[in-house]
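The values are calculated or read from the model by the stated rules, or taken from the named source; none is laboratory data. Just so you know, these numbers come straight off a predicted model, no measurement behind them. Here Cβ is always computed from backbone atoms with ideal geometry, including for glycine, and neighbour counts include all displayed protein chains.
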Ligand code: NAD
Ligand code: MLT
């Protein structure tokens, strides 16, 4: 029997695949401390996590039984992959299951910024009727800049084009020809791209290159009144610089689904004017959670019982 530990919420469809596999025994626990995860891993062949469980070097050290980590989702930044590799543990993810949901969240936040849905909702709840103050802007005819033209970035591009927006983009790994097939004007330099948009959204992983990609220097070169969205990872947009730009009015509105610390203890950005915040909900739909859970369950089963490696 192979033992699979699950320490974050996984949709029932994924659990069923594992329960129905006669070669797999499940160990489902949530709310564990890092030390408790470390202990539980000693008797596990594989683990499935979402974003709450942090698999650090300390947690992964000396785990001779553990062979695989599957992240039910895209970002593997809560796993110390170098430490896992040193320990001979394979790290896999489910790259596509939550693409559509996260693209839809990005569009929802962009539209909410354009039409002041956040403050309109809040002021109505306070008994106010503030029509003039909450005049918005149309997105049709406006330019959306997308940084990171992978699964989610391209899905956002298609949806924005359906809203009659002009889409420009930057991704060092995409050719101008391929971008053109998607109707996207590709820029070679991020510094140039950011100067030419009314809305800007980031869809890259958080790496040494993308940390603080949107910072005070770049914001200073943007059009006054630009609106910025981050549904990728906290830290790609520098939070203090964005708060400054919202306070000065240079940035007319911003929406973040992700934060450098989650939940965020530093409230400065969240409390900044015209800042719309959601608690990491990009992939939080029934459909996305079912898809990533099914895929995660299949990946761990196939790895343990058939030695198949996917999305490593
Ligand atoms: P992906 O791997 O398909 O795409 C990422 C793209 O970023 C790639 O095309 C890559 O070439 C590009 N890229 C890498 N470095 C870059 C750089 N320096 N500048 C510009 N582009 C760069 O990933 P995806 O599925 O599209 O996910 C994108 C991001 O969204 C990830 O950070 C992921 O963790 C995050 N995400 C968030 C949620 C959420 O709940 N908010 C849900 C899913 C994914
Ligand atoms: C991801 O990387 O897939 C997202 O952050 C969504 C999630 O963790 O649920």
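Would you mind finding the one in 137, 123 that is under 30 Å from residue 271 (Cα atoms) and either without any contact (Cβ under 8 Å) to a residue 12 or more places away in the chain or touching a strand residue (DSSP E or B) at 6+ places or on another chain (Cβ under 6 Å) (or both)?
123
Mind checking which residues of region 262-309 are in a loop (DSSP other than H, G, I, E, B), surrounded by fewer than 23 Cβ atoms within 10 Å (Cβ to Cβ) and within 15 Å of ligand 1 (Cβ to nearest atom)?
Matches in region 262-309: 262, 263, 264, 278, 279, 280, 281, 284, 285.
Quick one: which of 94, 137, 143 is touching a helix residue (DSSP H, G or I) at 6+ places or on another chain (Cβ under 7 Å) and within 16 Å of ligand 1 (Cβ to nearest atom)?
Sole residue among the options that is touching a helix residue (DSSP H, G or I) at 6+ places or on another chain (Cβ under 7 Å) and within 16 Å of ligand 1 (Cβ to nearest atom): 94.
May I ask you to verify whether residue 37 is under 28 Å from residue 206 (Cα atoms), in contact with a strand residue (DSSP E or B) (Cβ under 7 Å, 6 or more places away or on another chain) and buried (at least 16 other Cβ atoms within 10 Å of the Cβ)?
no
Does residue 312 qualify as being surrounded by fewer than 23 Cβ atoms within 10 Å (Cβ to Cβ) and at pLDDT below 95?
Answer is yes for this residue.
Restricting to region 84-113, count the residues that are surrounded by fewer than 20 Cβ atoms within 10 Å (Cβ to Cβ) and within 15 Å of residue 289 (Cα to Cα).
Count: 4.
Give 49, 79, 89 a once-over and let me know the one that is closer than 23 Å to residue 206 by Cα, within 16 Å of ligand 2 (Cβ to nearest atom) and free of Cβ contacts under 8 Å to residues at least 40 places away in the same chain.
Checking each option against the conditions leaves just 79.
Cβ-Cβ below 9 Å, separation at least six or inter-chain, first residue in region 207-226 and closer than 17 Å to residue 253 by Cβ, second part of a loop (DSSP other than H, G, I, E, B) and within 10 Å of ligand 1 (Cβ to nearest atom): which pairs?
214/236
Do any helices (runs of 4 or more DSSP H) entirely within region 146-235 hold 2 or more residues that are surrounded by 18 or more Cβ atoms within 10 Å (Cβ to Cβ) and touching a helix residue (DSSP H, G or I) at 6+ places or on another chain (Cβ under 7 Å), and if so, which?
151-162, 216-220
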